[in-house]
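First comes the structure, then the notes that go with it.
The values are calculated or read from the model by the stated rules, or taken from the named source; none is laboratory data. This one's a predicted model, so the numbers in the text were calculated from it and none came from an experiment. Every residue, glycine as well, gets a Cβ built from its backbone with ideal geometry; the counts of neighbours run over all protein chains shown. Remember, those area values only see protein heavy atoms, side chains included, never the ligands or the DNA or RNA. Shrake-Rupley method; radii C 1.70, N 1.55, O 1.52, S 1.80 Å.
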Amino acid sequence: MKIYFCCTDFKAEPWLAALRAALPQAQIEVWAPGAGPADYAVVWAPPQQFLDEQPQIKALFNIGAGVDALTQLKLSPKTKLVRLDDAGMSVQMAEYVTHALIRHFREFDVYAADVANAKWSFRKPRLREDFPVGIMGLGVLGQRVVRAVQTFEFPVRGWSRSPKELHGVPCYAGDAQFAEFLAETKVLVCLLPLTEETRGIMNRETLAQLRPGAYVINVARGAHLVEEDLIPLIDSGQLAGATLDVFRQEPLPAGHPFWRHPKITVTPHTSARTLRDESVAQIAGKIVALEQGKPIAGVVDHHKGY
Ligand code: NAP
Ligand code: GLV
């Protein structure tokens, strides 16, 4: 069995070593243009040439949860595309989102500014009931974040494409219930995949439907947010601020106004990192299952785009 590693932005050597240890029967190499046919590939943002040259591939294993870098390429609908299914990412996402939520709710940035001036002063306690959290995307990561937010007793609701039933969580689905979901939300968390339906979903019109003084946490993809709409909404007081982990252009350009806005917190696409050992174990397990003709989880639906 032959497997190619074709991952932009990842150092190949440690991945090759881990994959070879997990699949000793396989021949595992870094893909190079013109290389012969392989059975499987481990990919992250591969070039179109890779897909064009490897039409026989039995499955492409994306080493991330989001497959938008692949779905934007010309990809045969017959190609089996497999995303990472948690693999240690959901608990990271839960940490990140609850940290951003609590930092905003407890006004820790205000305390940090006071501390910098040796100022001892208290903020009036705020009520959780006034900070209902709305999570867009109730998949692998969204549902884990729901549980984490519930631990801190914030009211939480979710929105997804298909209807869901989650214990103690009002769930909204589809376009028909989007306005109602937004109107009930004070802290909006985006955990959607990037598809043609979700691109630009956070914009002037939708963000203005949130509760006044709402807060935005985007941990999905930069293109979910119409970036130029955000600062005017914050400066007018419609929004209280935002924590952003993802951007239309990454790395975020040095001159981008998000870096310096006092009510925007920027992190460098780090909310849930790909963990090598967990990812390799998951991919190796799925390759073995496929070779045995067994079904696997995490196969992307080409029609839905995630
Ligand atoms: P997932 O399991 O596929 O879940 C996606 C959720 O979004 C599902 O609940 C789905 O609804 C919902 N959805 C999709 N299209 C929708 C639409 N048009 N309207 C309403 N809901 C829609 O994905 P995941 O593993 O949770 O990951 C989510 C995303 O997080 C990834 O695609 C990636 O972009 C991002 N991510 C970011 C980082 C980071 O470090 N910043 C790390 C990992 C992942 P249904 O349940 O009805 O299908
Ligand atoms: C990271 O952004 C991922 O999609 O896993």
Nonlocal amide H pairs with Ala214, under 5 Å, H built at 1.01 Å: Ala240
J(HN,Hα) series, the stretch 4-10, from Karplus relation 6.51 cos²θ - 1.76 cosθ + 1.60, nearest Hz, glycine and proline x: 9, 10, 9, 10, 5, 6, 10
3J(HN,Hα) from dihedral phi, the stretch 295-306, Karplus parametrisation 6.51/-1.76/1.60, rounded to Hz, x for glycine, proline: x, 10, 8, x, 7, 6, 8, 4, 5, 6, x, 7
Per principal axis, descending, Cα span of the stretch 89-266 in whole Å: 51, 36, 31
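Take the solvent-accessible surface of the protein heavy atoms, probe 1.4 Å, and return the percent of it on the stretch 51-207 that carbon and sulfur atoms account for. Could you put the intermediate results ahead of the total?
Numbers: 4260 of 8060 Å².
Result for the stretch 51-207: 53 percent of the exposed heavy-atom area is carbon or sulfur.
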Total lysine pairs whose alpha carbons fall under 16 Å of each other in the chain (8 or more apart, or interchain): 13
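Hey, what did the chain get for relative contact order, percent, Cα under 8 Å, at least 6 apart?
It comes to 17 percent, rounded to a whole number.
Is the shape of the stretch 121-183 rounded, prolate or oblate, going by the alpha carbon gyration tensor and its root eigenvalues a ≥ b ≥ c, with a/c under 1.5 for rounded and a/b larger than b/c for prolate?
Working: a/c = 2.78, a/b = 1.75, b/c = 1.60.
In terms of gyration-tensor shape, prolate.
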Cα pair count fraction exceeding 33 Å, expressed as % - the chain: 31 percent
Under Karplus coefficients 6.51, -1.76 and 1.60, residue-wise ³J(HN,Hα) of the stretch 21-33 in Hz, glycine/proline x: 5, 7, 10, x, 6, 9, 9, 10, 9, 6, 6, 10, x
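Restricting to DSSP H runs of at least four residues, report the calculated mean residue ellipticity at 222 nm for the chain, -39500 (n - 2.57) per run over all residues, nearest 500 deg cm²/dmol. Please report the intermediate quantities before stating the final value.
Working: 10 runs with 94 residues, N = 306.
That comes out to -9000 deg cm²/dmol.
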For the stretch 89-266: accessible area per residue (Å², 1.4 Å): 50 Å²
Those chymotrypsin sites (Phe, Trp or Tyr not before Pro) in the stretch 101-197 that DSSP places in a loop and that have at most 14 other beta carbons within 10 Å: Trp120, Phe122, Phe152
Percent of beta bridges antiparallel (DSSP, the chain, rounded to nearest 5): 5 percent
DSSP-defined beta bridges in the stretch 89-266 - what % are antiparallel, rounded to 5: 5 percent
C-alpha long axis of helix 140-151 to longest principal axis of the chain, angle in °: 30 degrees
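Taking only protein heavy atoms into account and a 1.4 Å probe, give the accessible area per residue of the stretch 10-69 in Å².
On the way: 2560 Å² over 60 residues.
I get 43 Å² per residue for this part.
Can you pull the Rg over Rh of the stretch 203-276, Cα-only, Kirkwood?
Details: Rg = 12.4 Å, Rh = 12.7 Å.
Taking Rh as the inverse mean 1/r over Cα pairs, Rg/Rh reads 0.97.
Which longest uninterrupted range of the chain lacks any GluC sites (Glu not before Pro) assigned by DSSP to a loop state (not H, G, I, E or B) and surrounded by at most 12 other Cβ atoms within 10 Å? If you can, show how the numbers build up before the last one.
On the way: sites that count: Glu153, Glu165, Glu196.
Here the longest run is 1-152.
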